[in-house]
Amino acid sequence: MRSTMMEVPLTLPLILERVERLFADVAVTSRRPDGGLERSSWGQVVRRVRQLADALRRAGLRRGERVATLMWNHARHLEVYFGAPAAGGVVHTLNPRLHADELAYIATHADDRFLVVDEGLLPVLEGFRHRAPFARIFVVRWQAGGALPDWAEDYEALVAEGAEDAPFAELDEREAAGMCYTSGTTGHPKGVVYSHRAYVLHALMTSLPDSIGYTMRDVVMPVVPMFHVNAWGMPHAAALNGARLVLPGPRLDALSLLELMVEEGVTLAAGVPTVWLGVLQALDEAPGRFRLAPGLRLVIGGSAVPEAMIRGFDRHGITVVHAWGMTEMTPIGSVFAPRPEFDRLDQETRYAWRASQGLPAALVQMRLVDDDGRELPWDGVRFGELQVRGPCVTAAYHARPDAAEAFTDDGWFRTGDVATLSPEGYLRIVDRVKDLVKSGGEWISSVELENALMAHPAVAEAAVVAIPHPKWDERPLACVVRRPGAAVRADELRAHLAARFPKWWLPDDFVFLEEIPRTSTGKFLKRALRERFRHHYGAG
Ligand code: AMP
């Protein structure tokens, strides 16, 4: 029997029309690269989106063609972010922190036709422009005047070609709307192509009260860049719910963020642990200085949130919401929310749970699989590779038949993360498959050691890596950044860990560094540490 329901496609214009109709006056604030604030509203944003979408079509953008962006989080980026898909095109956010060779590869592999670039990022573009396929390049200029290079055009002049009241294109929900490349640390980055349907479903599922839980009363600030997996879907979800949106521009240092959060009354912000580590230090140094909105929630993910960070923000009345996700998942896969029975637990036990990666998000299926391909029970103890399935999970990589091994024969995606799932459904990421330490045939979780080290008051940051060892195959090495002024020694850190872990888990050595090298999206670049300390234990 066929259902009698309307087959209304789940497309971004559905979200845009709602926010335009219901929340036209709700503020969208964006920090310009020069530091000034640009105040606008959802009504104005959607008018610009309509205009840009119309202009892109007039400029010859055909269905499914890519519009690349090379921009920080601000109002112009937001327009393209919605405008390219609304025109039937695909917004492809490029990460300006990548190496020029990688950008050339990605833009070419994605076959990007147009590019919209921040004036301030022209030097980055210069590094790979000749190796990229852009037919037209539009520059967002923040200062009036100033000549453009002869290969570039003015973005405002492009927008002016469109009509503010142009209707949105009729789109199929399965059409491509956006594109992102993984920040993979080995081999070429791989592209994921998101559909309108995945974006809309992702916005809905992250809006649920036990998920990120956006409301129309929220003031939402994505610190996570729009080029890092759709800013975790925040702009879409803010529009869907009619929340205020604050875009922080290029200044992502702790003080700039805190000042903006105070000024705009931000209630919900998201970013990777590194960003919030700096913010927490600034709060600790000057308690009471920043009058943040009561009930502020920080969604933190991208790498594991140390329990110490959750406790640290609690001291300032700020709630950390730990989330896990992947580029391949649009990206949210799990979000922490306490089950009702948690109310009966003591505070210490609650902290341990809150440091988990949370419950599988709505519409996300999970399973754990051991080395022999057998499914493991959810007992919170046994760990295996986490595999996922769902309408917001990619089924393939763009034009990469060689990467098919990331998908199982029965249609699941292999995350490459090793995890446990508790009987209650809480996910704990134990490690990346390739970051686990294999010592004498047993596995050691680098993430657990790192989290314990970062709970030590003298430790600012710690990364634990597997180093080849002549006897044990691999042994852990702890790379530690001390807090300013702290003078902690290796034996003290070893004693600190010995209180929590079996002896054979303890790192054989501790090295003290000025900083931990990072990937372009702020994760520890463990590959660089493994390379650097390869021979530290006399093998490798
Ligand atoms: P990306 O595609 O760049 O978002 O990276 C996805 C990977 O980041 C995941 O496979 C995890 O290894 C890691 N990751 C993301 N969120 C978390 C988290 N909350 N805890 C631990 N690892 C995380």
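None of the figures in this text is laboratory data; all of them are computed from the coordinates on show. Just so we're clear, the structure is a prediction, and the values are computed from it rather than from any experiment. Note that we place each Cβ from the backbone using ideal geometry, even for glycine, and neighbour counts take in every protein chain shown.
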Solution diffusion estimate, µm²/s, Stokes-Einstein, the chain, Kirkwood Rh from C-alpha pairs, 20 °C, viscosity 1.002 mPa s:
88
Using the Cα centre of the range 436-532 as origin and beta-carbon charges of +1 (Lys, Arg) and -1 (Asp, Glu), tell me which of 496, 486, 529 is placed farthest towards the positive end of the dipole.
529
Return the percentage of antiparallel bridges among DSSP beta bridges fully within the range 224-366, rounded to the nearest 5 %.
40
In whole percent, what relative contact order does the range 436-532 give with Cα contacts below 8 Å and a gap of six or more residues?
25
Determine the shape class of the range 281-364: with a ≥ b ≥ c the square roots of the Cα gyration tensor eigenvalues, call it rounded for a/c under 1.5, and otherwise prolate if a/b is greater than b/c, oblate otherwise.
oblate
Distance in nm between label sites at residue 424 and residue 319, each 7 Å beyond Cα in the beta-carbon direction?
1.6
Mind pulling the angle between the C-alpha long axis of helix 196-207 and the longest principal axis of the chain? Nearest 10 degrees, somewhere in 0 to 90.
60
For the range 281-287, take each phi angle, set θ = phi - 60°, evaluate the Karplus expression 6.51 cos²θ - 1.76 cosθ + 1.60, and give the result in whole Hz per residue in order, putting x for glycine and proline.
4, 5, 5, 5, 6, 9, x
A student applying the Cα gyration tensor rule (rounded when a/c is under 1.5; otherwise prolate if a/b is larger than b/c, oblate if not) would label the range 483-540 oblate
Where labels lie 7 Å past Cα in the beta-carbon direction, separation of residue 352 and residue 281 in nm:
3.1
Taking the DSSP beta bridges in the range 26-130 as the whole, what percent of them are antiparallel, to the nearest 5?
35
What's the long-distance tail for the range 360-449, i.e. % of Cα pairs beyond 16 Å?
57
For the range 466-481, Karplus-derived ³J(HN,Hα) couplings (6.51, -1.76, 1.60; θ = phi - 60°; whole Hz; x for glycine and proline) come out as 7, 10, x, 9, x, 9, 9, 6, 9, 9, x, 10, 9, 9, 10, 10
Give the average over all directions of the projected area of the C-alpha convex hull of the range 309-421, one decimal, in nm².
8.7
Got the relative contact order for the chain handy, in percent, Cα pairs under 8 Å and 6 or more residues apart?
10
Cα shape, the range 178-299, gyration tensor, a/c 1.5 rule
oblate
Scan around residue 161 for amide H atoms under 5 Å from its own, H built in the peptide plane at 1.01 Å from N, and keep only partners 5 or more places away or cross-chain.
none
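Output the direction-averaged projected area (hull surface divided by four) of the convex hull of the alpha-carbon atoms of the range 436-532, in nm².
6.2
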Simple Cβ-charge dipole of the chain, Lys/Arg +1 and Asp/Glu -1, about Cα centre, in debye nearest 20
300
Here the net charge surrounding residue 66, from other residues whose Cβ is less than 10 Å away from its Cβ (Lys, Arg +1; Asp, Glu -1), is -2
For the chain, take the longest principal axis of its alpha carbons; what is the angle in degrees between that and the long axis of helix 12-22, to the nearest 10 within 0 to 90?
70
Which residues' amide hydrogens lie under 5 Å from the amide hydrogen of residue 417, considering only partners 5 or more residues apart or on another chain, with H built in the peptide plane?
386, 433
Of the options 138, 176, 75, report the single residue whose Cα projects farthest towards the positive end of the charge dipole of the range 34-184 (beta-carbon charges: Lys, Arg +1; Asp, Glu -1).
176
Grab the other residues whose beta carbon is less than 11 angstrom from that of residue 359, score K and R as +1, D and E as -1, and report the net.
-1
Potential extension, residue 382-residue 39 segment - 0.36 nm per residue separation minus Cα distance
118.4 nm
For residue 407, which sequence-distant residues (separation of 5 or more, or a different chain) have an amide H within less than 5 Å of its own amide H, given hydrogens modelled in the peptide plane?
414
If the cut-off is 19 Å between C-alpha atoms, which aspartates and glutamates fall inside it for residue 438, apart from same-chain ones fewer than 8 positions away?
370, 371, 372, 385, 417, 448, 450, 473, 474, 508, 509, 531
Taking Cα atoms, how many degrees apart are the long axis of helix 42-58 and the longest axis of the chain, rounded to 10 and kept between 0 and 90?
70
Tell me the label-point distance for the pair residue 514, residue 24, using the 7 Å Cα-to-Cβ offset, in nm and rounded to one decimal.
5.5
Any chance you could get the radius of gyration and Dmax over the Cα atoms of the range 430-472, in Å?
11.5, 33
Rounded to whole Hz and in sequence order, give me ³J(HN,Hα) for the range 519-528 from the Karplus expression 6.51 cos²θ - 1.76 cosθ + 1.60, θ = phi - 60°, writing x for Gly and Pro.
7, 5, 10, x, 8, 4, 8, 5, 4, 5
